[in-house]
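This report refers to the structure that appears directly beneath it.
Here, each number is a calculation from the coordinates, and none is a lab measurement. Keep in mind that this is a model prediction, so the values were computed, not measured. Virtual Cβ from ideal backbone geometry, glycine too; neighbours counted across all protein chains shown.
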Amino acid sequence: MFPPRSLPDAVVFTITNRTGGTSESEHLTRPRWLASQPGDVAAIAAAWLTSPELATLTRALGGPVIRSIPADLAAAAEWSQHALDTRGGAERHEAPAARRPGFAIPPLLSAGRALGLMSTGGPRLGSYDLTVILGGTATGNRLRTALAASFAQRDIDLGVVAGLTADRPLTAAERRVERLPAAEDSEWQNLLRELGGAFGSGRDTQVLVAPPAPGSQRADTRASVDYLTGQIAPAARRRVLIVTSAIYAPYQFFIAAPGLTGAGTGHAELVGTPTGTAGDQTLLAQRIAQEIHSAITAACRLWPASGAGRGGR
């Protein structure tokens with residue numbers, strides 16, 4: 001049983017209003033997602049699950065508050081499945097728009113900030129053995145690769161830069177938004193091109209295309225990390241920096257960090273590109289709700305005996 005505790009190693013910063021004043025500033029947190037052993041991930045997940053910030057959201061939406069782990073996890077996971085999950089098995093970027101009552105939008109937007117889905121801290125180390133850019137949509141690939149390249153420009157030694165991706169067909173919407181080359185058919189081809197453009201030929205880069213998980217059309221985060229640890233020896237990934245999008249940070253940390261630290265990595269750290277806040281706030285709230293659900297599901301799976309999180313993806 002883990003008692004409630006604050007989010008780990010949080011960095012407090014201030015966002016001011018557009019006029020530059022401070023009267024409307026908000027004090028938010030950018031948690032640092034890092035672990036040196038599997039037990040660290042469980043401690044961070046317990047802090048996240050029992051945090052006042054998550055409790056505020058669940059109360060606002062009529063859900064249960066997690067006070068005891070693992071006793072309260074099954075109820076929380078079941079509520080999350082019904083109240084927050086809108087994908088219905090679809091790819092994230094293809095999930096249909098969901099109608100939510102107006103009262104739910106403000107607490108979801110606030111929870112996104114408070115629970116670490118809007119931004120992350122920067123790299124903690126000055127040198128890594130391996131930097132892993134997680135593949136995603138074409139826009140995500142471009143932004144994540146650019147973020148990793150910006151670290152290199154700040155003289156952070158990224159070590160080997162590896163794209164970890166899947167053989168997923170690119171959608172028509174991705175092609176339209178990113179104006180992709182006609183010959184570029186899949187996620188891994190897109191990420192390969194982005195890596196080449198960002199790092200050129202002078203950097204040791206590679207792309208790992210993970211095979212699909214059993215019963216799936218493509219590899220998910222867990223299967224991709226398992227593939228990576230099977231392809232790259234522990235000595236070549238003692239210090240790993242994972243680059244993703246901040247909105248996926250809790251979910252992907254709770255999955256990727258145990259897989260890495262359990263397979264010989266001594267420093268697994270995750271950073272992400274900031275989540276955009278412009279545009280349709282209802283759609284943003286839907287995305288936040290979905291990824292809070294994904295994080296709850298992934299965190300609950302760290303306690304298999306609870307029986308929680310088995311149905312999530």
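Okay, here's what the table says:
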quantity	calculated
Label-point separation in nm, A146 to T56, each point 7 Å along Cα→Cβ	3.1 nm
Value of relative contact order over segment 130-273, rounded to a whole percent, pairs C-alpha under 8 Å and six or more apart	29 percent
Positive minus negative residues near G196 (Lys, Arg vs Asp, Glu; Cβ under 13 Å)	0
Segment 175-227: trypsin sites (Lys or Arg not before Pro) falling in loop per DSSP and having at most 12 other Cβ within 10 Å	R179
All Cα pairs of segment 130-273, percent lying beyond 26 Å	18 percent
